[in-house]
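Written out below as structure tokens is the structure these notes cover.
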Amino acid sequence: MLCKSENRRPEYCLAEGRKVTRCTSNIIEKLRQNCAETFEKHWQCLELNNQDYHRCRKPERAFNSCVFQKLGLVKTIPGTPEGQVPIHEKKNPVFTSVQK
């Protein structure tokens, strides 16, 4: 996006586009090698439930756990207050209809 905002000519961003494509291919290959079974279960759940994420949280948790453990990725949410446990790491998060 930054590349496109700097110059509107498509050839200007080809090198950056190749880097993004290589990075994405690399991640997908690593997912296939390390977490193929959990990815397949999560994908099948989404297919059977019309892409409704709410119904596929259990296979999603298994997939996320595999990705975080085997690929060493870390989930960070921008703007999370310092010293507080992020919402995705809480054991029993409380969801309310009123935001503070």
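Structural remarks
- Between H88 and A15, the simple spin-label model (points 7 angstrom out along Cα→Cβ) gives 3.2 nm.
- Electrostatic dipole magnitude of region 20-83 [Cβ: Lys, Arg +1; Asp, Glu -1; Cα centre; debye, to 20]: 100
- The label-point distance for K41 and F68, in a model that sets each label 7 Å from Cα toward Cβ, rounds to 1.6 nm.
- Calculated Rg/Rh (Cα atoms, Kirkwood Rh) (choose from (1) 1.07; (2) 0.98; (3) 1.67), label: (1)
- Per-residue SASA entry for H54, accessible area with 1.4 Å probe, Å² rounded to 10: 140
- The residues neighbouring F63, those whose beta-carbon lies less than 12 Å from its own, together hold a net charge of +2 under the Lys/Arg +1, Asp/Glu -1 convention.
- Think of it as helices only: each DSSP H run of n ≥ 4 in the chain is worth -39500 (n - 2.57), and spread over all residues that comes to -18500 deg cm²/dmol at 222 nm.
- 11 Å beta-carbon shell around H42, net charge (K/R +1, D/E -1): 0
- Candidates per trypsin sites (Lys or Arg not before Pro) in region 1-47, loop by DSSP, up to 10 other Cβ within 10 Å: R8
- Other residues within the sphere of radius under 13 Å centred on the Cβ of K4, judged by their own Cβ, net out at -1 (K and R +1, D and E -1).
- Nearest 10 degrees, 0 to 90: helix 57-71 Cα axis against the chain principal axis: 60
The values are calculated or read from the model by the stated rules, or taken from the named source; none is laboratory data. None of these values were measured; they are calculated from a predicted model. Because the Cβ atoms are built from the backbone with ideal geometry, glycine has one as well, and the counts that use them run over all protein chains shown. Ligands, DNA and RNA are excluded from the accessible area calculation, which covers all protein heavy atoms including side chains. Shrake-Rupley method; radii C 1.70, N 1.55, O 1.52, S 1.80 Å.
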